[in-house]
Amino acid sequence: MGKKTIIPFGPQHPVLPEPIHLDLVIEDETVVEAIPSIGFIHRGLEKLVEKKDYTQMVYVIERICGICSFGHGWGYCASVEGAMGVKVPVRAEYLRTILHELSRLHSHLLWLGLLADAFGFESLFMHCWRVRETILDILERTTGGRVIFSICKVGGLRKDVDDKTLVEIVNILKGIKKDIKDLTDVFLEDDSVKNRMCGVGVLSKEDAEELCAVGPVARGSGVIQDMRLTDNHGAYKYLDFEPVIEEAGDCYARCKVRIREVFQSIDLIEKAVEKIPEGDVSVEVKGNVEGEYMTRMEQPRGEAFYYAKGAGSKFLQRMRVRTPTNMNIPALVKTLQGCDLADVPILVLTIDPCISCTER
């Protein structure tokens, strides 16, 4: 029996992969135990509800995470709208859905690039991010921002996106489908890539359910869970689609789920543009927040939970956000047990961690 050694993994600089910290208990080259430690970049964002009113808090919530900024803004607005009894116009629901799916495209393409970088496949990394730039250009054109969009507000959206622009967006997405397929075929078919992922970091369906995994991590293990279907938020209730499910539960399955979701997002945007009605994109919101409300969103990384509570003033009493990475860290710890030390960076990456989201 080999001698056990504790090796610290991270925290890395936030500009690089993620400032996650793990103490890895190693026996020979095998990970026996992984002990996570978080809190290095905690920013106290939820406490700011005492100083920022419910309209100003939208800008704060969007800064929980750059990659999921639109989804965080939408989730917060939906929770406040629920507490205030505000009904959002149908056109705003459709536009929120379209922008959310564009954010999913942006997030998944970024993740694929980081996965390629973890393999040392630099040219594939650059091509993934090259295609992602097209999505960022669309977001900048429609919202004015490439990372923080500030288009969502309590009551709808700050501005409309005209039908001509929406049709042009669909044409652009159809045009880059071939580029995306060429890239994703490498992840799915290349033997060197498959050797790093197939059979590595297996998370069974039972473990995924017991550990409450969410998003592509859960769906890669065969768990049928997608908040876009179960919570009926936005215009998803008007779009016909099924959640992307894989059964193997390994790194390859989690990668395959995200790749299939890229094409699913393009299809959902096309359907939404076809069905989007005319009308206003916001309603006037007056008064203060009184009561409480909870909503769940399907972020690119998985289910996110938003809770807002008010007592009749313009300041919320309590605001709570539970993010997907927060839920997926127990599943990560499970998959790390028994893996090779060389596979740790790949396994950490396959939950698509966002420590900024986790440490609010």
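The values are calculated or read from the model by the stated rules, or taken from the named source; none is laboratory data. Because the structure is predicted, anything quoted here is derived from the model rather than measured. FYI the Cβ positions are ideal-geometry reconstructions off the backbone, even for glycines, and counts take in every protein chain you see. Keep in mind that these areas ignore ligands, DNA and RNA; they rest on the heavy atoms of the full protein, side chains included. Shrake-Rupley method; radii C 1.70, N 1.55, O 1.52, S 1.80 Å.
Observations on the model:
- Any hit, segment 323-333, residues being of a type outside the set (Phe, Trp, Tyr) and within 17 Å of Met57 (Cβ to Cβ): yes
- Ile266 meets the conditions (1) surrounded by fewer than 24 Cβ atoms within 10 Å (Cβ to Cβ); (2) over 20 Å from the mean Cα position of the chain (by Cα) in every case but one. The failed one is (2).
- Residue within segment 205-214 that is open to solvent by 30 Å² or more (accessible area, probe 1.4 Å), within 21 Å of Leu114 (Cβ to Cβ) and touching a residue at least 40 places away in the same chain (Cβ under 8 Å) present: no
- Test: Trp129 is closer than 30 Å to Ser313 by Cβ and either open to solvent by 40 Å² or more (accessible area, probe 1.4 Å) or touching a strand residue (DSSP E or B) at 6+ places or on another chain (Cβ under 9 Å) (or both): no
- Of all residues in segment 1-15 being within 14 Å of Cys354 (Cα to Cα) and exposed (fewer than 11 other Cβ atoms within 10 Å of the Cβ), the one that is modelled with the lowest pLDDT: Val15
- Within segment 154-179, the residues that satisfy the criterion of being touching a helix residue (DSSP H, G or I) at 6+ places or on another chain (Cβ under 6 Å) and not acidic (Asp, Glu) are Val154, Gly156, Leu157, Val161, Leu166, Ile169, Val170, Leu173, Ile176.
- If you go through segment 291-347 and keep only what is touching a helix residue (DSSP H, G or I) at 6+ places or on another chain (Cβ under 7 Å), among the acidic types (Asp, Glu) and surrounded by fewer than 22 Cβ atoms within 10 Å (Cβ to Cβ), you end up with just Glu292.
- Only one entry in Ser79, Ser37 is closer than 27 Å to Glu261 by Cβ and hydroxyl-bearing (Ser, Thr, Tyr), namely Ser79.
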